[in-house]
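*Asks:* Questions regarding the structure given below will be posed in turn.
The values are calculated or read from the model by the stated rules, or taken from the named source; none is laboratory data. In this text the structure is predicted, and so the values were computed from the model without any measurement. Here Cβ is always computed from backbone atoms with ideal geometry, including for glycine, and neighbour counts include all displayed protein chains. Just so you know, the surface numbers come from the protein's heavy atoms only, side chains and all, with ligands and any DNA or RNA stripped out. Shrake-Rupley method; radii C 1.70, N 1.55, O 1.52, S 1.80 Å.
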Amino acid sequence: MEWDLGIEGVGLLAAMSLGFGVAAQLLFWRSTPRWLWAAAAGTFFILGVLISEWWFGWATGEDLQPNVDGLSTDEVWLIGLWPSLALVLLIRYMTLRRRHR
């Protein structure tokens, strides 16, 4: 089955990405650059599209629940969260390392 990410799925993924970006920025407010939220949200969004459309694009609607307009929400949260969090921590580490010099 071929899955196409619809408008509602893209909107939900954008909201999830922005929420992750804002949470990352608020959590590391003083120790990271002001653009951290954009990097975190962008990474989460790109990974979400790749996970939902390429990795799990073969699965049927019954295999992946909940599925919102082509977006495999659980898979995006469970798999996309860890690399995005790793990027946030890497940016924080590099920023703190540069400040100590």
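*Asks:* Tell me the residue from ALA23, ALA15, ALA38 that is open to solvent by 40 Å² or more (accessible area, probe 1.4 Å), under 13 Å from the mean Cα position of the chain (by Cα), of a type outside the set (Phe, Trp, Tyr) and farther than 16 Å from GLY80 by Cβ, please.
*Replies:* ALA38
*Asks:* Another question about this same structure. Identify, by number, the condition in (1) assigned to a loop (DSSP other than H, G, I, E, B); (2) at pLDDT 90 or above that VAL49 doesn't meet.
*Replies:* (1)
*Asks:* Which residues, taken from region 52-68, are part of a loop (DSSP other than H, G, I, E, B), among the polar types (S, T, N, Q) and either at pLDDT 85 or above or open to solvent by 60 Å² or more (accessible area, probe 1.4 Å) (or both)?
*Replies:* Within region 52-68, just GLN65 meets the criteria.
*Asks:* If GLY21 satisfies every condition in (1) assigned to a helix (DSSP H, G or I); (2) within 16 Å of ASP4 (Cα to Cα) but one, which is the exception?
*Replies:* For GLY21, the exception is condition (2).
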